[in-house]
Amino acid sequence: MKKPGLVSAAVTMLAASLVLAGCGGGADAGGEGDEPIQLTYATYFGDKSYTHLAAQWWMDEVTERTDGRVTFRVMGGGALLGAAEMLEGVSTGRADLGQSGDAYFPGDLPLSVASGAVPFVTDNPFAHAAAHQWLYQHDENFKAEYDAQNVVVPFFIPTTPSVLGVKGELGGLDDLKGKNVRASGGAIEMLKVAGANPMAMPAGETYESLERGLLDGFFGFQMDSVTDFGVYEVTDNIYYASTGTFAIVDLFFNKDVWEGLPDDVRDIMTEVGNEVVDGTMELMEELETKTCDKLTDAGMQPQLFPEAEVDRWRDLTGTTLADGWKAAAESAGTGVEDLDAWYDDYVALIKRMETEHPHTTGAITCAGR
């Protein structure tokens, strides 16, 4: 996506002023006021997914801490913006804020999509998201790529490790050979080394493609997304291969609208954003328990891949994803002089955050029932 031009920026500024004025006149940018503010939030996730519930938690907290002054109009299920159009849609003012996976925007967010280049590093989605939050607040190059897209990111949403669903059964990696499997981001290369045929498509198109026989399975779905999108209904088995979490969902906020908000509102939004990782952990654990119950009742309880096959997949993957990410990041331009060192620091940061935000992922817990 290109940077918004002068016309788009002007339209965005006008939209921001109308949002504020339409709800009581608003407040001067950089000031404070008690006029009501309503903001439009877009998502392509369903209202029962953790990804949306985490954003809803943030919105509810913001509304409460502003004593009801700030409210949100939710446009869910892709009604306003789809996954791949979210960044541009928020940047140009079609929505004030919205969420999407950074994997959809490798050319626009080359450092952030390193999230998809760390398979087998961590099963802890909260450590992964906390690492991105830290980078956004402390790494100038990391933040600059969001600034260039005219968006602010109050927080990053943890995404649980990817599960693998297939028609039929998998005894190991060899059973993936030749299968058409939906994937996105780093999952695409991981399927290639396993001999599968990765099919890149938005999550919302997966169910129908499975139902019509265009796909043999899916990879890159969080466990709760499996029930949220209903894809377990059109597959036979679900596996967790200890591939870890290698995706991040960003909460994009139109920068012009953000800067037009009163200082105290922005401070509250930032404060709550810093609490999302720990504040929604119990929410995720409760959702994973309900998801596990639903899958188990349907005879689709996740199964763990044999440890030897996990090791084999890790060895086959090697540095493929990291090398591919580095090449793409160098081509896109990041401002980072040594991407090898940056990547090593990124992995170390994730491991450090594991100690600060301990968590056992629901796929492992569910499989162990």
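The values are calculated or read from the model by the stated rules, or taken from the named source; none is laboratory data. Only a predicted model underlies this, so the values are computations on that prediction, with no experimental measurement involved. Because the Cβ atoms are built from the backbone with ideal geometry, glycine has one as well, and the counts that use them run over all protein chains shown.
Listing for the model above:
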| read-out | value |
| --- | --- |
| Qualifying residues in segment 251-290 (those that are of a type in the set (S, T, N, Q) and part of a helix (DSSP H, G or I)) - the one nearest to Gln137 (Cα to Cα) | Thr270 |
| Residues (surrounded by fewer than 18 Cβ atoms within 10 Å (Cβ to Cβ) and assigned to a loop (DSSP other than H, G, I, E, B)) located in segment 352-369 | Pro358, Thr360, Gly368, Arg369 |
| Residue that is surrounded by the fewest Cβ atoms within 10 Å (Cβ to Cβ) [pool: residues in segment 174-186 that are farther than 15 Å from Leu215 by Cα and at pLDDT below 95] | Gly185 |
| Qualifying positions in segment 150-177 - assigned to a loop (DSSP other than H, G, I, E, B), closer than 25 Å to Glu307 by Cβ and touching a Gly at 6+ places or on another chain (Cβ under 7 Å) | Thr160, Pro161, Ser162, Lys167, Lys177 |
| Among (1) under 14 Å from the mean Cα position of the chain (by Cα); (2) part of a loop (DSSP other than H, G, I, E, B), the one test that Ser242 misses | (1) |
| Every residue from segment 188-229 that is aliphatic (A, V, I, L, M) and closer than 22 Å to Thr291 by Cα | Ala203, Leu210, Met223, Val226 |
| Condition met for Val151 (crowded, with 23+ Cβ neighbours inside 10 Å, over 15 Å from the mean Cα position of the chain (by Cα) and within 28 Å of Glu61 (Cα to Cα)) | yes |
| Gly273 closer than 30 Å to Thr66 by Cβ, in contact with a strand residue (DSSP E or B) (Cβ under 8 Å, 6 or more places away or on another chain) and either loosely packed, with under 13 Cβ neighbours inside 10 Å or small (Gly, Ala, Ser) (or both) | yes |
| Unique match (being at positive phi and in contact with a Phe, Trp or Tyr (Cβ under 6 Å, 6 or more places away or on another chain)) among Gly213, Gly230, Gly165 | Gly230 |
| Evaluation of Gly171 against (1) small (Gly, Ala, Ser); (2) within 21 Å of Phe219 (Cβ to Cβ); (3) crowded, with 24+ Cβ neighbours inside 10 Å (one fails), failing number | (3) |
| Residue that is surrounded by the fewest Cβ atoms within 10 Å (Cβ to Cβ) [pool: residues in segment 246-261 that are of a type in the set (Val, Ile, Thr) and closer than 30 Å to Phe120 by Cβ] | Ile248 |
| Residue pairs meeting the criteria (Cβ under 6 Å; at least 6 apart or on separate chains; first within 22 Å of Leu316 (Cα to Cα), in segment 232-248; second assigned to a helix (DSSP H, G or I) and of a type in the set (Val, Ile, Thr)) | Ala241/Val310; Ser242/Val310 |
| Subset tally (residues that are hydrophobic (A, V, I, L, M, F, W, C), modelled with pLDDT of 95 or more and closer than 16 Å to Ala328 by Cβ) for segment 115-141 | 0 |
| Test: Val226 is β-branched (Val, Ile, Thr) and at pLDDT 95 or above | no |
| Residue list for segment 321-356, restricted to those being more than 16 Å from Ser115 (Cβ to Cβ) and either hydroxyl-bearing (Ser, Thr, Tyr) or in contact with a Cys (Cβ under 9 Å, 6 or more places away or on another chain) (or both) | Ser331, Thr355 |
| Count - residues of segment 322-335 that are surrounded by fewer than 18 Cβ atoms within 10 Å (Cβ to Cβ) and touching a helix residue (DSSP H, G or I) at 6+ places or on another chain (Cβ under 7 Å) | 3 |
| All positions within segment 159-191 that are more than 19 Å from the chain's Cα centre (by Cα) and under 24 Å from Ile350 (Cβ atoms) | Leu191 |
| In segment 319-351, residue farthest from Ala148 (Cα to Cα) [restricted to those that are assigned to a loop (DSSP other than H, G, I, E, B) and without any contact (Cβ under 8 Å) to a residue 40 or more places away in the chain] | Thr319 |
| Qualifying position, being under 21 Å from Ala127 (Cβ atoms) and charged (D, E, K, R), among Asp293, Asp344 | Asp344 |
